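The values are calculated or read from the model by the stated rules, or taken from the named source; none is laboratory data. Remember, predicted model here, so these are calculated numbers, not experimental data. Counting neighbours? That spans all protein chains shown, and the Cβs are built from the backbone with ideal geometry, glycine included. Side chains included, ligands, DNA and RNA excluded: accessible areas come from the protein's heavy atoms. Shrake-Rupley method; radii C 1.70, N 1.55, O 1.52, S 1.80 Å.
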Amino acid sequence: MRLNGEISIANVDDDDDGDGERKENELGLIRSPTPTAPPTRLVVGYALTSKKRQSFLQPKLLALARSKGILFIAVDVKQPLSDQGPFDVVLHKLAGKEWSQMIEDYGQKNPNVTVLDPPDAIEHVNNRQSMLEDVADLNLPDYYGRVTVPRQLVFTTDPSSIPHEVTKEGLKLPLVAKPLVVDGSAKSHELFLAYDKVSLAKLEPPLVLQEFVNHGGVLFKVYIIGEFIKVVRRFSLPDVCKRELSKIAGVFPFPRVSCASASADGADLDPKVAELPPSPLLEMLARELRLRLGLQLFNVDIIREYGTRDLYYIIDINYFPGYGKMPDYEHTFTEFLLSLEQSKYEKVLVA
């Protein structure tokens with residue numbers, strides 16, 4: 001007798017005319033129980049800010065994960081991780097040296113647990129100076145396009161020295177000013193556009209100044225989840241012409257340009273502006289950055305210089321970005337988690 005969604009029949013008489021429940025009982029017809037979710041095979045402990053929990057752990061993701069045997073459990077950050085779980089994966093995005101040390105110690109003592117991602121690797125991309133250093137050194141083959149970074153300068157103190165240093169290094173106006181450290185706060189994502197050198201002294205260090213590159217007002221946001229890549233278009237800062245530059249002075253704030261409401265997918269755009277970067281280029285870039293950064297969960301903001309077909313600039317890298325804005329992220333993330341389990345299983349077989 002099998003009870004996996006099939007029906008087992010014993011002593012059946014084809015001429016029996018019974019009906020309903022009585023007929024089932026008389027025929028000895030046994031039905032399998034109502035299907036339920038598969039047993040848990042992957043436990044994911046998560047330590048996220050309330051904002052990140054709300055945007056990422058949406059009901060659709062949790063339901064889909066549960067149907068695949070994946071269970072999400074909140075980590076109590078006030079208690080030792082070793083006293084909780086056991087976990088197969090620890091997913092986290094919290095700031096602070098104490099937490100970083102806790103998760104690092106836990107990873108060393110539990111090598112079979114996948115930590116997404118190592119604290120030191122996350123710290124590397126939380127600094128806008130170090131995050132782009134790996135990109136500048138990539139030296140990828142240019143079969144499908146050239147990838148580089150805008151020229152930039154970092155200032156940590158004395159804003160009065162900024163105009164002189166900008167002149168000395170030959171940076172061209174306008175310049176995009178960004179906070180040096182990305183700590184998850186709204187302030188760390190504030191952008192300013194500086195049109196003249198004198199006004200640069202009004203900026204507040206620590207900050208990064210990047211040369212502004214005209215890019216048709218469209219940014220390509222490349223989401224990376226393990227080996228999965230998804231690219232979407234977002235409206236960005238408008239181009240600046242030389243005539244405008246000569247008439248405007250000062251430093252002007254810009255709102256965040258990567259929110260879901262700023263999606264440019266489906267908009268009536270110039271095809272030369274809207275064309276996505278070639279898939280082979282993005283695959284090559286993602287693979288190299290995963291290795292260099294030591295991260296599985298991040299996104300890359302890319303622009304294409306206006307008037308060119310294949311000159312791309314990476315202007316930002318973000319750890320564990322707003323995946324909730326990515327189309328169909330629920331399926332992508334659950335498949336990624338299952339692939340981690342499969343990878344562990346294959347390693348055991350090889351060993």
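Pairs over the 25 Å Cα-Cα cut-off, from the set Lys93/Lys221; Lys178/Lys247; Lys93/Lys272; Lys60/Lys230; Lys197/Lys247; Lys168/Lys242: Lys93/Lys272. Extent along the principal axes, Cα only, for the stretch 129-319: 45, 37, 31 Å, with the longest axis given first.
With θ taken as phi - 60° and the Karplus curve 6.51 cos²θ - 1.76 cosθ + 1.60 applied, the whole-hertz 3J(HN,Hα) list for the stretch 55-66 is 7, 9, 7, 6, x, 5, 5, 4, 5, 5, 4, 4 Hz, x standing for glycine and proline.
Between the stretch 187-202 and the stretch 281-344, the C-alpha centres lie 28 angstrom from each other.
Surface calculation, 1.4 Å probe, protein heavy atoms: Val251 sits at approximately 40 Å² accessible. Rounded to 0.05, the FRET efficiency of the Lys109 and Ser130 pair, given R0 = 22 Å and the Cβ-Cβ distance, is 0.20.
Taking every DSSP beta bridge that has both residues in the stretch 129-319, what percent is antiparallel when rounded to the nearest 5? It would help to have the intermediate numbers written out before the result.
Numbers: 38 of 41 bridges.
Close to 95 percent.
Annotation for the stretch 292-324: chymotrypsin sites (Phe, Trp or Tyr not before Pro) lying in DSSP loop with at most 10 further Cβ atoms inside 10 Å of their Cβ do not exist.
Label-to-label distance, Ala74 versus Asp265, with points set 7 angstrom from Cα along the beta-carbon direction: 3.1 nm.
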